[in-house]
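Novice: What follows is a single structure, and I will ask about it in a moment.
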There are 2 protein chains.
Amino acid sequence: MKDKISIVGAGLVGSLLAVILKQKGFEVQIFEKRTDPRKSKALEGRSINLALSQRGIKPLKLAGVYETIEPYLIPMNGRMMHSKDGDLTYQPYGKEGQFINSVSRAQLNQLLIESAEAAGVQVFFDHKCKDVDFKKNFIVFENGSKVESDLIIGTDGAFSAIRKKLQITDRFNFSQHYIEHGYKELCIEPKDGNFRLEPNYLHIWPRGNFMLIALPNNDKTFTCTLFFPFEGSPSFDSLNSIEAVNSFFKEYFNDALELIPDLADQFFNNPTSTLVTTKCEPWNNNRSILLGDAAHAIVPFYGQGMNSGFEDVRLFIEKAEEMDWDWDKVLPSYSSMRKKDADAISELALHNFIEMRDHVGDPSFLKRKKLEAQIQEKFPADWIPLYSMVTFSDMPYSEALRLGKIQKKIMDDVLKEDNPESKIDQAISQFNALKKVD
Amino acid sequence: MKDKISIVGAGLVGSLLAVILKQKGFEVQIFEKRTDPRKSKALEGRSINLALSQRGIKPLKLAGVYETIEPYLIPMNGRMMHSKDGDLTYQPYGKEGQFINSVSRAQLNQLLIESAEAAGVQVFFDHKCKDVDFKKNFIVFENGSKVESDLIIGTDGAFSAIRKKLQITDRFNFSQHYIEHGYKELCIEPKDGNFRLEPNYLHIWPRGNFMLIALPNNDKTFTCTLFFPFEGSPSFDSLNSIEAVNSFFKEYFNDALELIPDLADQFFNNPTSTLVTTKCEPWNNNRSILLGDAAHAIVPFYGQGMNSGFEDVRLFIEKAEEMDWDWDKVLPSYSSMRKKDADAISELALHNFIEMRDHVGDPSFLKRKKLEAQIQEKFPADWIPLYSMVTFSDMPYSEALRLGKIQKKIMDDVLKEDNPESKIDQAISQFNALKKVD
C-alpha cells in the first residue's frame, strides 16, 4: 500500500480524508491554492459557522479526531423562533438528548489540517491547480510544479478547479444554479462576557420570503445570517441606505436590532454572498475523483453541506476497503452508489429553505410537528421524522427523501381529519405498507 | 447609428446577424477562432446537413439573402420510414405544399459569410477569444489583439468562449447535459450520377432505442446519421469489429447496408460525436449577449437548432428596432422574452428523439397521425398539429409546447373511443375551450 495520493483542496473534506488515507498507509499530499491560514489570518475571525451532526461525527470518530474537536462544539437542542413581536417558540430537533453542534468553519478546518500534518501528511499551500491530465494522472500548478500520482482527489469546493477541467472532457454533465436569495453575516457581540441570546439553540426569525438565523460561537458571540432576496422589495437592492436598513430591521427583527448597535456599519461593510447548487456526473475519470462540495455543492438550509462531505469520506473509505483499494473499481463503484444520495440532499436542502423561512412560524406547521412527535413517541421503531432521518441517522439520503415523501402524504391526509390523534394507528399501518411497496 | 458591434463566431447565426446589422448602418466586425474555411477546406465536404424551415427562412428573407441560398436547398416533403424488411411508409410533414429543406451546413455558412463580406462586414479568422471584460466591454484574443466595442454578441456555438467567461460571473446559471446517445455520419454515394434513394424525403429507419436517418445533398449523395447509444448492447461500444458492424447493419438496416459498400471503413474512420443540451441565464451582461447555440444548444431531433438560432436573430433585431437600438434596454428585454421559448424547443427536441426512433414506425402512431390530419382538414383554423406549429409557423415555441400538450391529452382520450372519427367535433370544442383557459 504505497500508492501516492494527491488531494487538491485543504478544506474540511480534503483534510479529513488525508488523515484517514495516511492512517491506512498511503503517501498523501494536499495541495491548497490559498495561503496557510495560520500565517495569513485569512480564515480566522467570525466566518460562517456550521452545524455538525451524526453524518459528520461518524467519520470524525473513524479518523480518531473527534475528541480533539469536541471541546469546540456548542450543542443546539432545537430551533428558537423569534416572532416580529419578540415572542419565542421552542421546537426540539429530535428526541431528548438529540442535538446538533455549532462549530466555526475556520477552527474546525485548522484542527483538521493540524491533524493531517501530525499524521504525516504533507500540506502544500499556495498551490493553485492550473491543469490536470486525467489520462496520465498528473496535476500542473500555476507555480510551475507538476505532480504525478496514483490517485487524484478533488476536494476543492463548489468552484472546484478539478471539476472545471472535467467539465471540458467529453460527456460530462454539469449544472450550477443560483437561488434568488443571497446572504449576509452580522455579528452579535457578547455583553459583560456573556451570550446575548440563549446559546443552546439555533435562533430563527422566519419572515416568509426571507429569514434571519443566529448560531452561537465559542467566544460568546453569535453569527447572524440574513438570507434575503437580491432583488424586489424588500431586498439587498432595496436596502440601499442606513435609514432603510435600520427601519427594515426595526420592523422585522426588532429584538435582534437591539443586540447589534452597529448594524448599518456591518450591513454595508460585510459582503453579500450568493448561494449555489452544483451537480455533475460522472464524478470520476480514470484515476481522479471529486468528493464533497466539488462533486455536489448544496444550499445550507439543511445544515448538511459539511456533513454530507464528511459522509462522502466515510463511504469512499468503506468502499475502498471493501474493494481492497483497487481504485479502478472503487472510483466508479463509489460514484454510482453515492450520486443519488447527493441529488437527494440537494433537493432536501432547497426545500428546507421554504420550511425554515416560511413555515416554522406557522400554527399549522407546529400542529403538524406536534402530531408527528406523538406518532414517533408511540411507534419509535416505525416512524422517524424526516429531519431526524437526515440529521440523526446515516441512512442513505435518497431513502430518507423517499420515506419523507410518503410521510408527508400520510400527514396531509391525517391532518384533514377532525381528530388527527385518533388516526395515528391507521397512519402507521399505512406507512409500514407503503414503505415496502415503493 | 455608428455603434461598433463585435460578433464572436462566424457560424450560421453570427454571419446572418452581421449581414442585417451592417444593413442597419452599424460598424460590424466578426471574430472567428477557425481559419477561413475557404482557405483551409476544413468546413467543406459532406459535413452534417440541416433542415431549413419557416423560422429559419423568414430571417434569411429579412436579410435579403434567401434568393442566394434557395438554389442550394432540397425540399423534403415528409418522412419515408424504412422497416427492417425494407418496406417503405410515407408520412407528409404538413399540408400539401409544406416541406422542409435539406441544406449543407458548410455551403450555407460560406454563402452567409460571403454575404456579410459583400455587405461590408470585416471578418477576422484565426481570432480565438481569450478573455472578455464585461464591464469595460472589450475582448482579448489569444493572438494578443484587444477589441473594444459598444456591443459584444457571442454566436460562438454550444461550447461558446463568451459563455465560458459569463459562467464565472456571479449568479450565472448554467447546465450542460449529454444524452446517452451519440451519432456517426455515413455517406451513400450516387450511382450512375443519380441519388440512390428518393431525394425529396427525410429517410428514417426507426428501431426503438436507436435510429438511422438520411438527408439528400446537392451532389446526389445522402448523408446518413446513426443515432446510437454509447454503451449497452447494441451500442458504439459493442460494435467493435468489422463483423459486428456488418452483421448489425444486416439485421437492422439491410436496405441501407446495400447502398454503403464501404460501411465498415466509414464506420471506423468517421468520428463518433456527442449530443448536448445547454441552458444558461442570464444571456446578457451589460453590453454583451449570447445568441443561438451559445445561449441554448439543443439536440437535433426537431431540426430546429439552426432555425431557432436564425429566429433569435429576427427577434433580436425586431426588439432592437422597437426600442430604437437602445442596447441597455434591448438586451435584457430580448433575453427575458426569448428564454422561455428556448427552454420549450429544448424540451421538444429531446422528446422528438423518442418519437422519431421509437414511435414513427408504430401502427398506433400512424393511426394518431391520420386522425390528427382529419381533424386539421376539418378545422384548419383551430387545430394545427404540433409538428406544424414548430416547423411551419413562427408562433412562440412555448405556445406551441403548451398547445401540443393540450392536444396530446385530447388525442389520448379520443383514441380510446371505439369510433374516434366520430369524436372530432367534440375534440375541437374541448381544445378551443382549453386553449383559452390555460
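Novice: Write out, first by first residue and then by second, each pair whose Cβ atoms fall under 9 Å of each other, whose residues are 6+ apart or on separate chains, and whose first residue, in the range A:96-123, is without any contact (Cβ under 8 Å) to a residue 12 or more places away in the chain while the second is assigned to a helix (DSSP H, G or I) and open to solvent by 10 Å² or more (accessible area, probe 1.4 Å).
Specialist: Qualifying pairs under 9 Å: A:E114/A:R38; A:E114/A:T68.
Table: residues versus (1) farther than 26 Å from A:A106 by Cβ; (2) touching a Pro at 6+ places or on another chain (Cβ under 6 Å).
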residue: A:R196; (1), (2): no, no
residue: A:P199; (1), (2): no, yes
residue: A:L202; (1), (2): no, no
residue: A:L215; (1), (2): no, no
residue: A:D219; (1), (2): no, no
residue: A:T223; (1), (2): no, no
residue: A:F227; (1), (2): no, no
residue: A:S235; (1), (2): yes, yes
residue: A:L239; (1), (2): yes, no
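Novice: Scan the range B:367-388 for residues that are surrounded by fewer than 18 Cβ atoms within 10 Å (Cβ to Cβ) and hydroxyl-bearing (S, T, Y) and jot them down.
Specialist: Hits for the range B:367-388: nothing passes.
Novice: Pairs, please: C-beta under 9 Å, at least 6 apart or cross-chain, first residue free of Cβ contacts under 8 Å to residues at least 12 places away in the same chain and of a type in the set (D, E, K, R) and in the range A:335-362, second in a helix (DSSP H, G or I) and open to solvent by 40 Å² or more (accessible area, probe 1.4 Å)?
Specialist: Note: pairs meeting the criteria are A:D362/A:R368.
Novice: Okay, next question. Quick check, is B:S235 open to solvent by 20 Å² or more (accessible area, probe 1.4 Å) and either small (G, A, S) or within 14 Å of chain A (Cβ to nearest Cβ) (or both)?
Specialist: No; evaluated as a whole, the condition is false for this residue.
Novice: Return yes or no: is B:S335 assigned to a helix (DSSP H, G or I) and surrounded by 20 or more Cβ atoms within 10 Å (Cβ to Cβ)?
Specialist: So B:S335 fits the description; yes.
Novice: From the list B:A349, B:A264, B:A342, which one is more than 30 Å from B:K409 (Cα to Cα), of a type in the set (A, V, I, L, M) and open to solvent by less than 50 Å² (accessible area, probe 1.4 Å)?
Specialist: B:A264
Novice: Checking B:E318 against (1) of a type outside the set (K, R); (2) in contact (Cβ under 8 Å) with a residue 12 or more places away in the chain; (3) assigned to a helix (DSSP H, G or I), which test does it fail?
Specialist: Condition not satisfied by B:E318: (2).
Novice: Exactly one of (1) within 29 Å of B:S149 (Cα to Cα); (2) open to solvent by 10 Å² or more (accessible area, probe 1.4 Å) is unmet by B:K95. Its number?
Specialist: B:K95 satisfies every listed condition except (1).
Novice: Going residue by residue through the range A:281-298, is there one that turns out to be in contact (Cβ under 8 Å) with a residue 60 or more places away in the chain, within 14 Å of chain B (Cβ to nearest Cβ), in contact with a Gly (Cβ under 8 Å, 6 or more places away or on another chain) and not in a helix (DSSP H, G or I)?
Specialist: Yes, there is a match, as at least one residue in the range A:281-298 is in contact (Cβ under 8 Å) with a residue 60 or more places away in the chain, within 14 Å of chain B (Cβ to nearest Cβ), in contact with a Gly (Cβ under 8 Å, 6 or more places away or on another chain) and not in a helix (DSSP H, G or I).
Novice: What do you reckon, is A:L403 part of a helix (DSSP H, G or I) and either within 20 Å of A:I204 (Cα to Cα) or of a type in the set (K, R) (or both)?
Specialist: No; evaluated as a whole, the condition is false for this residue.
Novice: Next question, about the same structure. Looking at (1) in a loop (DSSP other than H, G, I, E, B); (2) under 27 Å from the mean Cα position of the chain (by Cα); (3) surrounded by 17 or more Cβ atoms within 10 Å (Cβ to Cβ), can you tell me which one A:P271 breaks?
Specialist: In the conditions (1) in a loop (DSSP other than H, G, I, E, B); (2) under 27 Å from the mean Cα position of the chain (by Cα); (3) surrounded by 17 or more Cβ atoms within 10 Å (Cβ to Cβ), A:P271 misses (3) alone.
Novice: Within the range A:131-145, can you find the residues that are surrounded by fewer than 16 Cβ atoms within 10 Å (Cβ to Cβ) and not in a loop (DSSP other than H, G, I, E, B)?
Specialist: Scanning the range A:131-145 gives A:D131, A:D133, A:F138, A:V140.
Novice: A follow-up question, please. May I ask you to verify whether A:E148 is within 14 Å of chain B (Cβ to nearest Cβ), touching a Phe, Trp or Tyr at 6+ places or on another chain (Cβ under 8 Å) and open to solvent by 60 Å² or more (accessible area, probe 1.4 Å)?
Specialist: On the way: within 14 Å of chain B (Cβ to nearest Cβ): no; touching a Phe, Trp or Tyr at 6+ places or on another chain (Cβ under 8 Å): yes; open to solvent by 60 Å² or more (accessible area, probe 1.4 Å): yes.
No: the conditions fail for A:E148.
Novice: Tell me which residues, restricted to the range B:389-436, are open to solvent by 30 Å² or more (accessible area, probe 1.4 Å), more than 21 Å from the chain's Cα centre (by Cα) and under 30 Å from B:D312 (Cβ atoms).
Specialist: The answer is B:K405, B:K408, B:L434, B:K435, B:K436.
Novice: Every residue in the range A:254-280 that is in contact (Cβ under 8 Å) with a residue 60 or more places away in the chain and away from chain B (no Cβ under 14 Å), please.
Specialist: Of everything in the range A:254-280, those that are in contact (Cβ under 8 Å) with a residue 60 or more places away in the chain and away from chain B (no Cβ under 14 Å) turn out to be A:N254, A:D255, A:A256, A:L259, A:I260, A:L263, A:Q266, A:F267, A:N270.
Novice: Further question: Kindly evaluate B:D412 against the criterion of being over 25 Å from B:F227 (Cα atoms) and not in a helix (DSSP H, G or I). Walk me through it before giving the result.
Specialist: Details: over 25 Å from B:F227 (Cα atoms): yes; not in a helix (DSSP H, G or I): no.
No; evaluated as a whole, the condition is false for this residue.
The values are calculated or read from the model by the stated rules, or taken from the named source; none is laboratory data. Note that the structure is predicted; figures quoted are calculated from it, not measured. Note that each Cβ is placed from the backbone with ideal geometry, even for glycine, and that neighbours are counted across all protein chains shown. Ligands, DNA and RNA are excluded from the accessible area calculation, which covers all protein heavy atoms including side chains. Shrake-Rupley method; radii C 1.70, N 1.55, O 1.52, S 1.80 Å.
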